Amino acid sequence: MDSLEEFQNKHGRNTGQFASQRYILDNSEARSIFIEIAEEAKEKFISDTIAAQYLVLHFEHFKHLSYNTVRRYFRDYRDGLLK
C-alpha cells in the first residue's frame, strides 16, 4: 500500500489546495486585472469581499467564478503567491 504522498505523486501534483490559484495563474490578462483591483482596494481600504464582488460583476474574465473563489485570490495575493 502506498503512502499518501506516494499516491499523490502518482496521480499528479495538482491537488485541491492549489485549485483556487490555477485560473488566476494561468490567465495573464485576468491576473493583471486582479492585481490592479487588489492594489486599489488595498490603497483605499476596501474589503476583499466587496472587491471580489466587483470583479465578478464587472469583468468578463471573472463572471464564471464565484465571488468567494475570487475572494481567496486576495489572501493568496497578500501572502505573496500572486505577483
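Each reported figure results from applying straightforward, stated rules to the coordinates on display, with no laboratory input. What you see is a predicted model, and the numbers here were worked out from it, not measured in a lab. A quick note on method: Cβ atoms are made from the backbone with ideal geometry, for glycine too, and the neighbour counts reach across all protein chains shown.
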### Message
What lysines does LYS83 reach when the alpha-carbon gap must be under 21 Å and sequence neighbours fewer than 8 apart in one chain are set aside?
### Response
LYS42, LYS44
### Message
So if I average 1/r over every pair of distinct C-alpha atoms in region 38-77 and take the inverse, what Kirkwood radius in Å does that give?
### Response
9.9 Å
### Query
What distance in nm separates the simple spin-label points at SER3 and ARG75, each placed 7 Å from Cα in the Cβ direction?
2.7 nm
